[in-house]
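Notes for the one structure printed next.
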Amino acid sequence: MNTDLHNNGASTIPKTANVDLAGKTILQVIPDLAAGGAERTTIEVAEALVKAGARALVASSGGRLEDELRDVGGELFSRASLPSKNPVKLIQNMFWLKSLIKSEKIDLVHARSRAPAWSAYWACGQTHTPFVTTYHGAYNAKSAAKHWYNSVMARGDCVIANSSYIAEHVALTYPDAANKIITIPRGVDLEAFQPSMISQDRKDAILKAWFDGKTPKKPILLLPGRLTAWKGQRQAIEALIQLAKNDEKDWTLILAGDDQGRSDYTQSLHTLINEASLQNQIKLVGHCSDMAAAFSVSDIVLAPSQEPEAFGRVAAEAGALEKPTIVSDLGGQRETVIQGKTGLRIKPHDVGEFASALRTLLYMSKTDRDAMGHCAGAHIRANYSKHNLQNATLGVYVDVLERNKNDDLVGQIK
């Protein structure tokens, strides 16, 4: 397979119409089933596998998306230690996966995270099972040991990159894997994330949860994502403090996400808000289970990540719902957001530029802001559909299985 290194967000992906995987059993391995991008993609691929006639198995410690996996016909094989990086646990998980591969007659294993990927890689090696990986992030490699640890994600028979940015990163970091990389961008469920599908009742439920029925008449800014420093909540607050100091207070900011135990960071955000006397304009609302409705009631969506996003799911989903976004000019978000047309890209850590971008969109006429949102919708629909992701991933499975079959035949002849 050829490496695909386009930078415009319109990566060429394999098209496989009417994929038939009847009788095949595919195992995806992931640490847990929380509500992140890798976890969501796991569910989407499981759905496609079932529709293609395959068994869709997932090895994971479980989590919030378990019911959704079952709803699409997937099967969960739960093991609490799968997220562990402990070497003893990795080896124990390898034996467990090896047994699972044999007992369930698994045809291919697809790993989506480093720790369980090592266990899966070893198990596949011992059982001669095809092994595929997806590189879901630009993992830090500040030491030789970390570089080796990360390398398991480049050891698949095929290495899927979820953006052109990640494809370039993998090819530069692990040159030996360059000819195995294929770019399959994350997909948006265009049926779920389209304006006509969001009922008024769903919108009202979000507004009631956020504002207790007292919906503000000011533009709503939404920054979704778990509460952690690299998602940029602090920078958003600081940029809005700059606006407030100039008596520019025609806005309300919603921070939607839980802190997953980072209580000190959450408290630091509350302190920053309180010191600026912006408690009535900036709200931390916790986890949101209906992001489509949340985007729908918002006017501008923010994703000011302080480190590169591998893909940039927030901008893609918001764009599908025709909302303009402000994102950091890093990583995969450089592909999902077209500067000045579908949103604005800003330098990370530059609070002044962030404040300027907020002013630009807040002072833009509603007609012009809606036009930007319309362009965002067209861009996402053209390049980032869930259907394309599913179709392309199943195409990879078919290709890898066929190559493995041919290799076995060659081996038998020899």
Among (1) over 20 Å from THR134 (Cα atoms); (2) under 23 Å from the mean Cα position of the chain (by Cα) - the single one LEU49 does not satisfy: (1)
Criterion: of a type in the set (S, T, N, Q) and closer than 25 Å to ASN162 by Cβ - qualifying residue of GLN306, GLN279: GLN306
Complete set of residues in segment 45-55 that are buried (at least 21 other Cβ atoms within 10 Å of the Cβ), part of a helix (DSSP H, G or I) and not β-branched (Val, Ile, Thr): ALA46, ALA48, LEU49
When residues of segment 339-352 are limited to those that are at negative phi and touching a residue at least 60 places away in the same chain (Cβ under 8 Å), the one nearest to the chain's Cα centre (by Cα): PRO348
Candidate set: segment 172-185, residues that are in contact with a helix residue (DSSP H, G or I) (Cβ under 6 Å, 6 or more places away or on another chain), buried (at least 20 other Cβ atoms within 10 Å of the Cβ) and touching a residue at least 40 places away in the same chain (Cβ under 8 Å); chosen: the one farthest from THR42 (Cα to Cα): ILE181
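I'm checking my understanding of the structure. Among residues of segment 362-395 that are of a type in the set (S, T, N, Q) and in contact (Cβ under 8 Å) with a residue 60 or more places away in the chain, which one is nearest to VAL337 (Cα to Cα)?
Just the residues of segment 362-395 that are of a type in the set (S, T, N, Q), to begin with: 365, 367, 383, 385, 388, 390-391, 393.
After this cut, where a residue has to be in contact (Cβ under 8 Å) with a residue 60 or more places away in the chain as well, the list is 383, 385, 388, 390-391, 393.
On the way: ASN383: 12, SER385: 15, ASN388: 19, GLN390: 22, ASN391: 24, THR393: 24 Å.
Per the criteria, the residue is ASN383.
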Selection from segment 186-212 of residues that are among the small types (Gly, Ala, Ser), in a helix (DSSP H, G or I) and surrounded by 14 or more Cβ atoms within 10 Å (Cβ to Cβ): ALA205, ALA209
Hey, LYS283 free of Cβ contacts under 8 Å to residues at least 12 places away in the same chain and among the basic types (Lys, Arg) or not: no
Tally, over segment 303-354, of residues that are closer than 17 Å to GLY373 by Cβ and modelled with pLDDT under 90: 1
Among (1) in a helix (DSSP H, G or I); (2) touching a residue at least 24 places away in the same chain (Cβ under 8 Å) - the single one LYS405 does not satisfy: (2)
Residue match in segment 136-156 (condition: under 30 Å from SER289 (Cβ atoms), among the charged types (D, E, K, R) and either in contact (Cβ under 8 Å) with a residue 60 or more places away in the chain or surrounded by 17 or more Cβ atoms within 10 Å (Cβ to Cβ) (or both)): no
Residue among ALA294, ALA355 that is surrounded by fewer than 24 Cβ atoms within 10 Å (Cβ to Cβ) and touching a residue at least 12 places away in the same chain (Cβ under 8 Å): ALA355
Residue list for segment 216-274, restricted to those being closer than 29 Å to ASP370 by Cα, of a type in the set (D, E, K, R) and either part of a loop (DSSP other than H, G, I, E, B) or in contact (Cβ under 8 Å) with a residue 60 or more places away in the chain (or both): LYS217, LYS218, ARG226, LYS231, GLU238, ASP247, GLU248, LYS249, ASP250
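The values are calculated or read from the model by the stated rules, or taken from the named source; none is laboratory data. Everything numeric in this text was worked out from a predicted model, so none of it was measured. Because the Cβ atoms are built from the backbone with ideal geometry, glycine has one as well, and the counts that use them run over all protein chains shown.
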